[in-house]
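Okay, so here's the structure we're looking at.
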Ligand code: NAP
């Protein structure tokens, strides 16, 4: 694979940016990658572990010659970062981001960018519950989707180049419009995270079950919730505040379904429960057939007990 871009700037150096860097390095996809993070501590860690070819002490310096700038900060910080870098962008550069919400990011970033750059929002559908500059790894995006959300009229060559980069990084790339993206992700990611946060919160509140029992007897169901509920609080606060409409719509539906199941349990409607669980089981099969998860028992975990 040939180099997609000569100079790339990563703004924000957490899980996603560091994984992008290691994957770009693996595939020799960029001539030089410059990085910037707001805290000196993160920049020091980045220098220590060789994250990025150059770590800059200002966002302006990082973006000034870049052909591609990728904003890798929480959704709520995207607008301020765009404002800071806008005067320093090279004419003809592409500005992208990796935010988990798209419409709010487009509304926050778009107005600051000059006419002479291409703005192509993106969202890699891959992550872990870890954050920070040390948490990234080159294979994070392998075989996962990255969704590009170009506005109508965006130069097709610019979109193609970004697509080439993400494919070189290992991702499968598709295009989607921002509103649809936010609804799809509301169902597949945002609402499930909120439910996991709630479930872990409930267990924590239920003082009749002790903390040690929760930990000791946590079977796969609860254990998987705790992994999701350990995700970065800033990132997820911003996701919910910026994908309000879709999240509230889905939670409304979720509550209705929960009541229906609650009623089936109360009235002993086993047929309803069985039919419901049969339908949901088929969805799991679909995910495995699409190569988006393993069908190994317990997600391939090695049983250590
Ligand atoms: P992360 O590991 O927590 O790193 C966030 C980075 O953003 C850090 O370098 C941090 O700087 C910087 N930052 C935080 N608040 C900031 C602010 N107010 N102004 C400027 N910089 C700020 O985050 P991540 O998981 O890589 O997430 C980055 C983006 O990717 C988010 O928009 C998220 O929605 C999206 N995303 C995440 C996942 C996931 O699973 N984690 C998946 C797909 C997309 P310091 O280190 O200096 O504090």
Worksheet item: Would segment 36-43 turn up any residue that is within 14 Å of the ligand (Cβ to nearest atom), closer than 26 Å to residue 180 by Cβ and surrounded by 18 or more Cβ atoms within 10 Å (Cβ to Cβ)?
Response: no
Worksheet item: Is there a residue in segment 187-207 that is exposed (fewer than 14 other Cβ atoms within 10 Å of the Cβ), touching a strand residue (DSSP E or B) at 6+ places or on another chain (Cβ under 8 Å) and over 24 Å from residue 236 (Cα atoms)?
Response: no
Worksheet entry | Qualifying position, being modelled with pLDDT under 95, part of a helix (DSSP H, G or I) and under 19 Å from residue 187 (Cα atoms), among 225, 240 | 225
Worksheet item: Restricting the search to segment 15-25, which residues are out of contact with any helix residue (DSSP H, G or I) (no Cβ under 7 Å at 6 or more places or on another chain) and buried (at least 24 other Cβ atoms within 10 Å of the Cβ)?
Response: 15, 16, 17, 18, 19, 21
Worksheet entry | Pairs, first under 11 Å from residue 72 (Cβ atoms) and in the same structural domain as residue 31 (by TED's automatic domain parsing) in segment 1-13, second modelled with pLDDT under 95 and assigned to a strand (DSSP E or B), C-beta under 6 Å, six or more apart | none
Practice prompt. Scan segment 78-111 residue by residue and report those that are closer than 17 Å to residue 63 by Cα and in contact (Cβ under 8 Å) with a residue 60 or more places away in the chain.
Written response: 81, 85, 94, 96, 98
Response to the item:
The correct count of residues that are in a loop (DSSP other than H, G, I, E, B) and under 21 Å from residue 163 (Cβ atoms) in segment 1-22 is 4
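The values are calculated or read from the model by the stated rules, or taken from the named source; none is laboratory data. Predicted model only: the values in this text are computed from it and were never measured. No Cβ is skipped: glycine too gets one built from the backbone with ideal geometry, and neighbour counts run over all protein chains shown.
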